[in-house]
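Undergrad: Questions regarding the structure given below will be posed in turn.
Read-outs: derived from the displayed coordinates by stated rules, not from any lab. This one's a predicted model, so the numbers in the text were calculated from it and none came from an experiment. FYI the Cβ positions are ideal-geometry reconstructions off the backbone, even for glycines, and counts take in every protein chain you see.
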Amino acid sequence: MLIVPGLIREWTAEAIFEENDDIRSLPQLVLDAVYRCPIDTRRKLLDSIILVGGTTRMKGFYARLRDEILHLLTAPAYAQKLGNIKSVKFYRLPNTSIELYASWIGGSMFGALDVLQYHSMTRQDWKAQGKVPDWTSNVYEMNRDPARSR
């Protein structure tokens, strides 16, 4: 049996919530992603966050993430960007074991779609462009081009 001291488990969790010069914290990443969405969807997104994966099952993870996001929403940078959003809610999947596999299931379903070829890039494309395209604009372009839509 492997016994992991509590201090090690705490340090592991803290890495998710602490920012430094090299990385942003998970709460910052959530708010940055929401800010990049259309303004009329932001409040709804923050009221329906789905967390998946084993890390999210750590005791107190939901409460800590909610508290950190709410705290950041009062910071001038995010208050200016996101207005007066004051709530954060999580959508809980009906079965807690699904939380462990939901991201894999979603990826598996997406991988089985014909549209995958329009939302993929090769290593050569990545090296040439240096960034991932805005897939939302590709959906728009795909709908305009009958040859690309199926």
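Undergrad: How far apart, in nanometres, would the label points at residue 103 and residue 1 be if each is projected 7 angstrom from Cα along the Cα-to-Cβ direction?
TA: Here the modelled spin labels are 2.9 nm apart.
Undergrad: Tell me, which longest segment in the chain has none of the GluC sites (Glu not before Pro) that fall in DSSP loops with at most 16 further Cβ atoms within 10 Å? Before the final figure, lay out each step's value.
TA: Working: sites that count: 18, 19.
In short, 20-150.
Undergrad: Roughly how many debye, to the nearest 20, is the charge dipole of segment 1-125 about its Cα centre, given +1 on each Lys and Arg Cβ, -1 on each Asp and Glu Cβ, and no other charges?
TA: Values: 15 positive and 14 negative charges, 102 e Å.
Dipole about the Cα centre, nearest 20: 480 debye.
Undergrad: What FRET efficiency do you get for residue 84 and residue 44 if R0 is 22 Å and r is their Cβ-Cβ distance, rounded to the nearest 0.05? Each step should come with its number before you reach the end.
TA: Values: r = 15 Å, r/R0 = 0.68.
After rounding to 0.05, the efficiency reads 0.90.
Undergrad: Take each uninterrupted DSSP H stretch in the chain, measure its Cα extent along the helix axis, and return the ones at 18 Å or beyond whose mean Kyte-Doolittle hydropathy is at least 0.0. Could you put the intermediate results ahead of the total?
TA: Working: long enough: 61-74 (20 Å, 0.22); 96-111 (24 Å, 0.58).
Sorted by number, the helices that extend far enough and score high enough are 61-74, 96-111.
Undergrad: Given a cut-off of under 8 Å on Cα pairs at least six residues apart, what relative contact order in percent is computed for the chain? Walk me through the numbers on the way to the answer.
TA: On the way: 87 pairs, mean separation 30.6, N = 150.
That works out to 20 percent.
Undergrad: Starting with the fewest neighbours, write out 121, 109 ranked by other beta-carbon atoms found within 10 Å of each beta-carbon. Mind dumping the intermediate values first?
TA: Numbers: 121 13, 109 9.
Lowest count first: 109, 121.
Undergrad: Also, quick follow-up: Dipole of the chain (Lys/Arg Cβ +1, Asp/Glu Cβ -1, origin at the Cα centre): which of 79, 129, 115 lies farthest to the positive side?
TA: It is 115, whose Cα lies furthest towards the positive end.
Undergrad: For 132, 34, what ranking results if the residue with the fewest other Cβ atoms within 10 Å of its Cβ goes first? Show your work: numbers first, answer last.
TA: On the way: 132 10, 34 21.
Ascending number of Cβ neighbours within 10 Å: 132, 34.
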